[in-house]
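Here the structure comes first, spelled out in structure tokens, and everything after it is commentary.
Just so it is clear, none of the values below were taken in a lab; they were calculated from the coordinates. Only a predicted model underlies this, so the values are computations on that prediction, with no experimental measurement involved. All Cβ positions, glycine included, derive from the backbone under ideal geometry; neighbour counts span all protein chains shown.
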Amino acid sequence: MKRTENKVIVVAGATGGIGEQLCDDLARQGAKLALCGTNPEKVSDLCARLRDNREADVYGACVDVTEEGQVTEFLKEAENRYGTPDVLINLAGLSIPGKIEKTEESVYDILMDVNVKGTFLMAKHFAEHAQAGAQIINLGSMAARRVNGGAPLYCMAKTAVNILSQGLSLQLAEKKIRVTTLNPGGVDTPFWGDRPVKRDKLMLPQDVVDTILFVLDTNPRVAIHSIDFESMEML
Ligand SMILES: NC(=O)c1ccc[n+]([C@@H]2O[C@H](COP(=O)([O-])OP(=O)(O)OC[C@H]3O[C@@H](n4cnc5c(N)ncnc54)[C@H](OP(=O)(O)O)[C@@H]3O)[C@@H](O)[C@H]2O)c1
């Protein structure tokens, strides 16, 4: 039996390439899901698919993770339906490449808000109620480990996610709540938009999902701080 069976799992940014695959696998393992994204159609389509294909117990909501009121409402409703959530997986994120001297202030704000503030707000309100044994998984990126000139602000934001996770991990240890950051290299998802990347060299969403499932299946006595991984084709 997997440790995720009957667990209440919150997935933020569930409607993206990694999130959809993750929710499908978690539903198959028998988890109860509370999921969100900002696009109402994508949220309702994903919930319908999970119910139809996996008979999943799923609550979906349209939530902007940068808005504290929306985050608290979402987590309150998840708790009302399923009880205190056991796991939070923060996938909501985006990258906007560009040269710093040409970058608008609004681009800086959205990059920091979605990647960093969103992670902070979700973790803050999850941790308020979380019980011993709970887990938080935050998505960083190899961009935090190896800065690239194409998207330096994204590298900065994901570095902040790593540091935030480390701090959270130290603060939540006394409550026996574990925090892990995953730092994947490139993954073939809509994240890349029309940027000229060699998609056949990237990892697949399933590769990240397998790593998340591994972390979730680890014995609660073990804290996994972070995992860096990427496509062999990128070495
Ligand atoms: N793909 C890669 O190469 C790669 C590599 C390393 C790390 N990552 C990280 O992995 C995570 C998932 O990436 P992905 O590839 O699945 O990206 P994706 O396909 O672009 O999905 C991004 C997800 O984030 C959600 N999102 C964006 N802004 C949001 C907001 N303000 N509030 C709530 N949700 C929001 C999107 O929902 P809506 O569309 O409904 O807004 C979508 O569900 C991200 O944190 C990304 O930075 C990705």
**OP:** Could you run through the range 73-95 and say how many residues are surrounded by 15 or more Cβ atoms within 10 Å (Cβ to Cβ) and within 14 Å of the ligand (Cβ to nearest atom)?
**Re:** 10
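Residues checked against (1) within 12 Å of the ligand (Cβ to nearest atom); (2) over 28 Å from residue 95 (Cβ atoms); (3) surrounded by fewer than 19 Cβ atoms within 10 Å (Cβ to Cβ):
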| residue | (1), (2), (3) |
| --- | --- |
| 14 | yes, no, no |
| 22 | yes, no, no |
| 30 | no, yes, yes |
| 40 | yes, no, yes |
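Name the strands (runs of 3 or more DSSP E) wholly within the range 120-229 that hold at least 2 residues that are crowded, with 21+ Cβ neighbours inside 10 Å? Don't jump to the end; show me each part of the working.
On the way: elements: 135-139, 178-184, 226-229.
Here the list reads 135-139, 178-184.
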Original post:
In the set 219, 183, which member is within 12 Å of the ligand (Cβ to nearest atom) and either over 28 Å from residue 100 (Cα atoms) or free of Cβ contacts under 8 Å to residues at least 60 places away in the same chain (or both)?
Top reply: 183
**OP:** Scan the range 2-18 and report the pairs whose first residue is farther than 19 Å from residue 126 by Cα and whose second residue is in a strand (DSSP E or B) and among the hydrophobic types (A, V, I, L, M, F, W, C), with Cβ atoms within less than 9 Å and a gap of 6+ or a chain change.
**Re:** 15/35; 15/36; 17/187; 18/139; 18/187
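If you go through the range 122-155, how many residues are among the charged types (D, E, K, R) and touching an Asp or Glu at 6+ places or on another chain (Cβ under 8 Å)? So that I can check it myself, show each step before the final result.
Of all residues in the range 122-155, those among the charged types (D, E, K, R) come to 124, 128, 145-146.
With the extra rule that they be touching an Asp or Glu at 6+ places or on another chain (Cβ under 8 Å), the set shrinks to 145.
Number satisfying all stated conditions: 1.
Can you tell me how many residues in the range 30-52 are touching a Lys or Arg at 6+ places or on another chain (Cβ under 9 Å) and either without any contact (Cβ under 8 Å) to a residue 40 or more places away in the chain or among the hydrophobic types (A, V, I, L, M, F, W, C) (or both)? If you could, list the steps in order and put the result at the bottom.
From the range 30-52, those touching a Lys or Arg at 6+ places or on another chain (Cβ under 9 Å) are 30-32, 34; that's our starting set.
Next cut, either without any contact (Cβ under 8 Å) to a residue 40 or more places away in the chain or among the hydrophobic types (A, V, I, L, M, F, W, C) (or both) only: 30-31, 34.
Final tally of qualifying residues: 3.
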Subject >> Single condition residue 14 does not satisfy, out of (1) part of a loop (DSSP other than H, G, I, E, B); (2) closer than 22 Å to residue 188 by Cα; (3) in contact with a Phe, Trp or Tyr (Cβ under 8 Å, 6 or more places away or on another chain) >> reply: (3)
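Does residue 119 fit the bill of being of a type in the set (Ser, Thr, Tyr) and within 27 Å of residue 156 (Cβ to Cβ)?
Details: of a type in the set (Ser, Thr, Tyr): yes; within 27 Å of residue 156 (Cβ to Cβ): yes.
For residue 119, the condition - of a type in the set (Ser, Thr, Tyr) and within 27 Å of residue 156 (Cβ to Cβ) - is met.
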